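The values are calculated or read from the model by the stated rules, or taken from the named source; none is laboratory data. Because the structure is a prediction, the values reported are computed rather than measured. Neighbour counts run over all protein chains shown; Cβ positions are idealised from the backbone, glycine included.
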Amino acid sequence: MRPRPSVGIISDSPLQRHHLQAALTAYGLKPAVNCDPGRFSTLADELKESISCWVLELENEDAWQDFIDDLVETSEAPILFGLGTAPQRHSEEYPRWERRLFTKLSEEVGILEMLDSEESLQALDSSLPHPPLPLPDIIQKTRHKASTGAESLERIWILAASLGGPAAVKEFLDELPKGLPVSFIYAQHIDANFSSVLARVLARHSTFSLKEAQVGDIPCYGEVLMVPVDREMVFGEQGDVQFKDTPWPGPYGPSIDQVMLNVANYFGDRCGVIVFSGMGNDGAIAAPLLKAYGCEVWVQSSDSCANSSMPDSVEATGVASYTGTPRQMAAHLVKEIERAESRHSAN
């Protein structure tokens, strides 16, 4: 694994330095420098030379114009200007500001997000199976057809994950009983070369079938469709999988925000999203929009994540209605479907 880039923060505002530090930490970056421009001259030359990129945010640029000119002239590392004042952490604008920061950083120093390796996926293959939850009686009495067409699917859930996600999603899926009337769309930040390995590992003990989405596929109960990394997936008029000729928007594929919007655009309030372990904030922009559609938004609990930045970012938007470990979320989903089937049966 290549070394993480060394980033330096310079700001005349302690609050902005704090926000920038927190944002960089969410992507596994520990700033080597975080200081007021007045202290810059006291830094060791070796430390300055080790910086891969400077993030410069000044509230009073006129007072520091000589400093800016000197930094531009002498620094060999790129300098990011004009990101704008960081909004409050829980504001609607914060995820967009954070996304701009990492898009610009990625353009200068390369992809920042760490991903699960093939070795970590292979390690999951040796995990011991455990019996899934029992299928509730009410669902056994009202058996659903395995495939009824996208227009009649009553529930489809997006599983969104990044670093640490495969282990969490596997734990979640392994817990679900056969015959549960739900379909899944799985969006995982991962190297495209490992997608087939991921599908095999996750399917090993699960009662759900997993497959990489292909043109014409229609989501159905008992199946997990894995979203491709390299091109954007949308749904046609019949709910069939289609692909655009362009890659996903943003620095990472698949864009979980865009997956959420594309699924909700067709399925509306029949869809929900579970945000598992991951780095960064992908999903935090679309989550409030899905909530406005009437969709459920759940997040993995911080203490059960390999990296909690992604679910924490979604939870910070205030739209998450449930938080739990992967197993707790599986049990909660079974219970929610049982309640829905009971209401339907009573009517």
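Annotations
- Scanning the stretch 7-45 for residues that are without any contact (Cβ under 8 Å) to a residue 40 or more places away in the chain and in contact with a Cys (Cβ under 9 Å, 6 or more places away or on another chain), we see that the one that is nearest to G280 (Cα to Cα) is R17.
Matching residues to (1) touching a Phe, Trp or Tyr at 6+ places or on another chain (Cβ under 6 Å); (2) aliphatic (A, V, I, L, M); (3) not assigned by TED's automatic domain parsing to the domain that holds M279:
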site: Q21; (1), (2), (3): no, no, yes
site: A32; (1), (2), (3): no, yes, yes
site: E49; (1), (2), (3): no, no, yes
site: L58; (1), (2), (3): yes, yes, yes
site: D66; (1), (2), (3): no, no, yes
site: V72; (1), (2), (3): no, yes, yes
site: Y94; (1), (2), (3): no, no, yes
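- Any hit, the stretch 251-258, residues being within 27 Å of P181 (Cα to Cα) and charged (D, E, K, R): yes
- Per-region count, the stretch 285-321, residues part of a strand (DSSP E or B) and either of a type in the set (D, E, K, R) or at pLDDT below 95 (or both): 1
- Boolean, A330 is in a helix (DSSP H, G or I), of a type in the set (G, A, S), surrounded by 17 or more Cβ atoms within 10 Å (Cβ to Cβ) and more than 16 Å from the chain's Cα centre (by Cα): yes
- In summary, G82 fulfils each of the numbered conditions (1) modelled with pLDDT of 90 or more; (2) of a type outside the set (A, V, I, L, M); (3) surrounded by fewer than 12 Cβ atoms within 10 Å (Cβ to Cβ) with the single exception of condition (1).
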